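The values are calculated or read from the model by the stated rules, or taken from the named source; none is laboratory data. Small disclaimer: the values here were computed from a predicted structure and weren't measured. Cβ coordinates were reconstructed from backbone atoms using ideal geometry, including for glycine residues, and neighbour counts include every protein chain displayed. Accessible surface is based on the protein model in full, side chains and every heavy atom, while ligands, DNA and RNA are left aside. Shrake-Rupley method; radii C 1.70, N 1.55, O 1.52, S 1.80 Å.
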Amino acid sequence: PLSRTHLRVAFNAMAPLRFTLLASCSTSAARAADVLLPHSVVQTPVFMPVGTQGTLKGLTTAALANLDCRIMLGNTYHLGLRPGPEVLRSAGGLHKFMNWEGSLLTDSGGFQMVSLLALANITEEGVNFQSPHDGRMMLLTPEKSIELQNVIGADIMMQLDDVVSSLVTGPRVEEAMHRSIRWLDRCIKAHARPEEQNLFGIIQGGLDLDLRKQCIDAMLQRDLPGYAIGGLSGGEDKAAFWRVVKRCTELLPAGKPRYLMGVGYALDLVVCSALGVDMFDCVFPTRTARFGNALVRNGQLNLRNKRFASDFRPIDERCPCTTCQTFTRSHLYGIVGKEAAACHLITIHNVTFQLQLMRDVRESIIEDRFPAFVRAFLAEWLGTDPCPVWVKEALASVDIQVE
């Protein structure tokens, strides 16, 4: 029989992912690449919208495709409960079920250990969840998570990891890191479709840089197609946040995608791209749209505010989205909170904003003018406000100086 090492090499050799580095910033750690997946070529750095239950709230898959979105997320925990694996198997996988021709990435369900902690019990076997829908119990093990993701058919699957809040300290953080490594081995063994789907590992270790290094050292031995930085964006101090991101990107391999989970604020996207991150996701753009908030290059517009009642400009005159090309702030003010169309229209804009921001980041890297782009972005984003200390320190760490 093949040794564990040989199995790992064979596993990676079959992986249906090709990472092509196109350009690296001559100053910072930012980089631009193409990631060839079974359903699309993903251009990085990239923001990935989140469609938790196989749909992006407020958008059809056709509308999302029209925005040239190449990849979106689904959540294994929620899809495992509803519609369930039997329906997805009968449909031929999530791509066919939701009529989506682009790529899919599925979270393993591990994040629900934090978000639904009151409903979860974590053991070495896995996580016992109480369904928020009907109250029934569901045991999510590494094997079950991979089984569900194999049925879903995502281009990129995430391992089941032991997730703790970034605010937790002490022995629980180290326990979760070591358990995530053990669970990764169980995920690899359970993976039934390595020629068709990519399995990413998730780096844990809290805010402890030594634990992060230990986790990376162990997971690199598994030689996976890509790696994610998990356990952040949970309210931790930004000074600690950027240092963990930088430490991980420095240690992760240059020839594979680096995915920072749960990060989607514009300022974080730009700074973390400078630190060498390739992939991002967050529910923020779609969630904030449902409350009438539109994203712009200097923050947000709360379109419920009466000051927009007679404002006949688009949300953003530079935005190419159909909302900005067709409707005014005044019109949106009149329907926000009253008509479902408002959610649809603002979601189109917010997703376009995120995708366009990352395209601008990518273009500036390829043209080797990324530091100038960062300074121009910050000038517009901050206006007359001072630059946050954490932003200055993070950018300085990769030789981008800002005032």
remark   = Over 21 Å (Cα to Cα) among 96/338; 144/213; 246/392; 213/256; 144/246; 189/246 -> 96/338; 144/213; 144/246; 189/246
query = For the range 115-224, what is the Kirkwood estimate of the hydrodynamic radius, computed as the reciprocal of the mean inverse distance between distinct Cα atoms, to one decimal in Å?
reply = 14.7 Å
inquiry  = Using a 7 Å offset from the Cα along the Cα-to-Cβ direction at both residue 168 and residue 309, what is the distance between the two label points in nm, to one decimal?
reply    = 5.0 nm
query = How many times 2.2 N^0.38 Å is the alpha carbon radius of gyration of the range 263-403?
reply = 1.11
ask   = Rolling a 1.4 angstrom probe over the protein heavy atoms, how many square angstrom per residue are accessible across the chain?
value = 41 Å²
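If r is the Cβ-Cβ distance from residue 380 to residue 125 and R0 is 56 Å, what FRET efficiency results, to the nearest 0.05?
0.65
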message = Among 358, 198, 245, whose Cα projects farthest towards the positive end of the dipole of the chain, with charges put on the beta-carbon of Lys, Arg (+1) and Asp, Glu (-1)?
response = 358
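Where the only charges are on Cβ atoms (+1 Lys, Arg; -1 Asp, Glu), what is the dipole of the chain about its Cα centre, to the nearest 20 debye?
580 debye
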ask   = Unpartnered cysteines of the chain (Cβ-Cβ under 4.7 Å counts as a partner)?
value = 25, 69, 187, 215, 248, 272, 282, 321, 343, 387
query = How much length, in nm to one decimal, is gained on full extension between residue 302 and residue 82, taken as 0.36 nm per residue of separation minus their Cα-Cα distance?
reply = 75.9 nm
note = With every protein chain kept in place and a 1.4 Å probe, the residues 101, 147 fall, from largest accessible area down, as 101, 147
request  = Multiply the residue separation of residue 401 and residue 65 by 0.36 nm, subtract the distance between their alpha-carbon atoms, and state the gained length in nm to one decimal.
outcome  = 117.2 nm
ask   = For the pair residue 185 and residue 18, what calculated FRET efficiency results from E = 1/(1 + (r/R0)^6), where r is the Cβ-Cβ distance and R0 = 25 Å, to the nearest 0.05?
value = 0.50
task = Could you check the simple spin-label distance between residue 236 and residue 368, using points 7 Å along Cα→Cβ, in nm with one decimal?
result = 3.4 nm
inquiry  = Can you give me the long-range amide H partners of residue 46? Hydrogens built in the peptide plane at 1.01 Å from N, cutoff under 5 Å, separation of 5 or more residues or another chain.
reply    = 279, 280
request  = Provide the packing ranking of 283-289, 376-382, 75-81, i.e. peptides ordered by the mean count of other C-beta atoms within 10 Å per residue, highest first.
outcome  = 75-81, 283-289, 376-382
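Can you check what the net charge comes to around residue 391, using other residues whose Cβ is under 10 Å from the Cβ of residue 391 (Lys, Arg +1; Asp, Glu -1)?
With Lys, Arg at +1 and Asp, Glu at -1, the neighbours total 0.
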inquiry  = I need the peptides 337-344, 391-398 ranked by packing, meaning the mean over residues of other C-beta atoms within 10 angstrom, with the highest value on top.
reply    = 391-398, 337-344
